[in-house]
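S.K.: Below is the structure I would like to discuss, written out as structure tokens.
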Amino acid sequence: MKSITKKIVIFSMIGLMQVGLGASVIEASPRHNDKHQRYEQWDRDHDRDRDHRIKEENKRHEREMERRENEREQDWKERQQREKDHHEEVMRTLGGIAILALILGNN
């Protein structure tokens, strides 16, 4: 009975080694690189989206920085400062998203 158990254990281990070898070969195969291409496409789409959001934020910022009709000088200066703070926060957020995408893209 002990010899049958030893044979079962040995053949099971050989089978597991073959499965592991097969899995690593499949991962390394060029046909499997489709997953990598999908990630690259996703990155390009998000880069375009981020660039579009940055352009829109810059346009909005320019509109907000202009002086409005019947606006006092002091009110305009205060609104400009609030807008600068808001714009810097949005740009930091978009920059953080870009850095995060770079970090996650390299893994």
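S.K.: Which condition number does Asp47 fail, the rest of (1) at pLDDT 75 or above; (2) loosely packed, with under 10 Cβ neighbours inside 10 Å; (3) of a type in the set (Asp, Glu) being met?
M.R.: Condition (2) is where Asp47 drops out.
S.K.: May I ask you to verify whether Glu83 is open to solvent by 100 Å² or more (accessible area, probe 1.4 Å) and among the charged types (D, E, K, R)?
M.R.: Criteria not met by Glu83.
S.K.: Just checking, does the range 62-84 include any residue being on the phi > 0 side of the Ramachandran plot, modelled with pLDDT of 85 or more and of a type outside the set (A, V, I, L, M)?
M.R.: yes
S.K.: Quick test of your reading of the structure: His52 fulfils all but one of (1) loosely packed, with under 11 Cβ neighbours inside 10 Å; (2) more than 25 Å from Leu102 (Cβ to Cβ); (3) at pLDDT 85 or above. Name the failing condition by number.
M.R.: (2)
S.K.: Moving on to the next point. Of everything in the range 83-101, what is out of contact with any helix residue (DSSP H, G or I) (no Cβ under 9 Å at 6 or more places or on another chain) and not small (Gly, Ala, Ser)? Give them in sequence order.
M.R.: Correct list: Asp85, Glu88, Glu89, Arg92, Thr93, Ile99, Leu100.
The values are calculated or read from the model by the stated rules, or taken from the named source; none is laboratory data. If you're wondering where the values come from, they're calculated on a predicted model, not measured in any experiment. All Cβ positions, even for glycine, are placed from backbone atoms using ideal geometry, and neighbour counts span all protein chains on display. Quick note on the areas: whole protein, heavy atoms, side chains included, nothing else; ligands and nucleic acids left out. Shrake-Rupley method; radii C 1.70, N 1.55, O 1.52, S 1.80 Å.
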